[in-house]
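Novice: This is the structure, below, for whatever I ask next.
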C-alpha cells in the first residue's frame, strides 16, 4: 500500500499532532517516574487538531482533571507566494496552545503548561523539518498569567515554509498540483 504525504494545511496539522502526541506521551511517562504516589493528576495530554471536541459532560460537578492537560494545534493562516515545487513558496502559520489544570491553593499549575511548552520547543528546534516543511526561526512563545486559576495556558507560534500544498506519493514522486496558468489540476 502506498502512503500519501498530505502537505495541505490539514495534513500538516495532523502530522504535527501525531508528533506532539508521541513526544508528550513519552515525556509524561518519564515524569510519572518522579511521582511520589500522591498525585492523581498525571494524564497523558490529549492533542487536538484545529478545534476542541464538544464536551459530553458539561456538568459543573464533573471531574475536569480528566480533560487536562491538552494541546490544540491550529493552522490559523498561511501564504502561497510561488506555485512551483522548485521553490519553497508556501508558509503555514501554526499555533500550538498548551493547557494545564491544577486546583491547588498555591496556584502553581502554570508549571504543567510551561513544562509541556519547553519540551515541545526543544523537540521543534532539534528537528526542524516535518512533512516537507522547514520550521522558520524565530519561534515565538508566551506564558500568559492565568486570570482563572486552576486553568493555565502556554502558546507557541510557528511559521513553516515549504513547497506549495500538494498530495504526493513519496515512493513514486507523483504529485497533484495546480498549474499557474491553468484552472485545472494535473498529475505530474
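The values are calculated or read from the model by the stated rules, or taken from the named source; none is laboratory data. This one's a predicted model, so the numbers in the text were calculated from it and none came from an experiment. Reconstructed Cβ throughout: ideal geometry from the backbone, glycine too, with neighbour counts over all protein chains shown.
Novice: Could you grab me the full set of residues in segment 139-182 that are under 30 Å from residue 105 (Cβ atoms) and at pLDDT below 80? Steps first, please.
Specialist: Within segment 139-182, the first condition is being under 30 Å from residue 105 (Cβ atoms), and the residues that meet it are 141-156.
Residues satisfying the conditions are 146, 147, 148.
Novice: A further question on this structure: Give segment 121-163 a look and list any residue that's touching a strand residue (DSSP E or B) at 6+ places or on another chain (Cβ under 8 Å), in a loop (DSSP other than H, G, I, E, B) and at negative phi, or say none. Outline the logic, then answer.
Specialist: First, the residues of segment 121-163 that are touching a strand residue (DSSP E or B) at 6+ places or on another chain (Cβ under 8 Å): 121, 124-125, 128-136, 139-144, 146, 150-163.
So of that shortlist, the ones also in a loop (DSSP other than H, G, I, E, B) come out as 128, 131-132, 143-144, 146, 150, 163.
Residues satisfying the conditions are 128, 143, 144, 146, 150, 163.
Novice: Checking residue 186 against (1) within 23 Å of residue 14 (Cα to Cα); (2) modelled with pLDDT under 85; (3) outside any loop (DSSP other than H, G, I, E, B), only one condition comes out false. Which one?
Specialist: Unmet for residue 186, out of (1) within 23 Å of residue 14 (Cα to Cα); (2) modelled with pLDDT under 85; (3) outside any loop (DSSP other than H, G, I, E, B): (1).
Novice: Check off (1) modelled with pLDDT of 95 or more; (2) more than 18 Å from residue 18 (Cβ to Cβ) for residue 134 and give me the number that stays unchecked.
Specialist: So the condition that residue 134 fails would be (1).
Novice: Name every residue in segment 1-42 that is modelled with pLDDT under 60 and part of a helix (DSSP H, G or I), in order of residue number.
Specialist: 30, 31, 32
Novice: Moving on to the next point. Specify the residue that is surrounded by the most Cβ atoms within 10 Å (Cβ to Cβ); the eligible residues are those in segment 44-60 that are at pLDDT below 85 and closer than 28 Å to residue 131 by Cα.
Specialist: Filtering segment 44-60 down to residues at pLDDT below 85 leaves 44, 52-60.
Still in the list and also closer than 28 Å to residue 131 by Cα: 44, 52-53.
Values: 44: 15, 52: 13, 53: 9.
Among those that are at pLDDT below 85 and closer than 28 Å to residue 131 by Cα, it is 44.
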